[in-house]
Amino acid sequence: ALKAALQGERRGYEFYYAIAGTTTDAEIRAVAREFVREENEHVEELKRWIAQEEAALRTATAAAGATA
């Protein structure tokens, strides 16, 4: 689920980045840039969560292997 969310946030980032880079409307560009910053924050947070979950899974797997 976290990886699917990450993919969605990356798509959002790319969309707003493209809008910010191509629009001639200053107001739209400003809003798109803000959304780019927000989406980037979401991407980074999800990457941290995924790393934590994967580390926890590796630890649990190693612990299960040690007791088997």
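The values are calculated or read from the model by the stated rules, or taken from the named source; none is laboratory data. From a predicted model like this one, the values you see are computed outputs, not experimental measurements. Here the Cβ positions follow ideal geometry from the backbone for every residue, glycine too, while neighbour counts run over all protein chains shown. The protein model used for the area step is the full one, side chains on, heavy atoms only, and it has no ligands, DNA or RNA in it. Shrake-Rupley method; radii C 1.70, N 1.55, O 1.52, S 1.80 Å.
Worth pointing out:
- Looking across the range 35-68, just one residue is over 22 Å from residue 18 (Cα atoms), acidic (Asp, Glu) and in contact with a helix residue (DSSP H, G or I) (Cβ under 7 Å, 6 or more places away or on another chain), and that is 53.
- Selection count where residues are open to solvent by 70 Å² or more (accessible area, probe 1.4 Å), under 19 Å from the mean Cα position of the chain (by Cα) and of a type in the set (D, E, K, R), scope the range 6-33: 4
- Test: residue in the range 57-68 that is open to solvent by less than 70 Å² (accessible area, probe 1.4 Å), assigned to a helix (DSSP H, G or I) and touching a residue at least 12 places away in the same chain (Cβ under 8 Å): no
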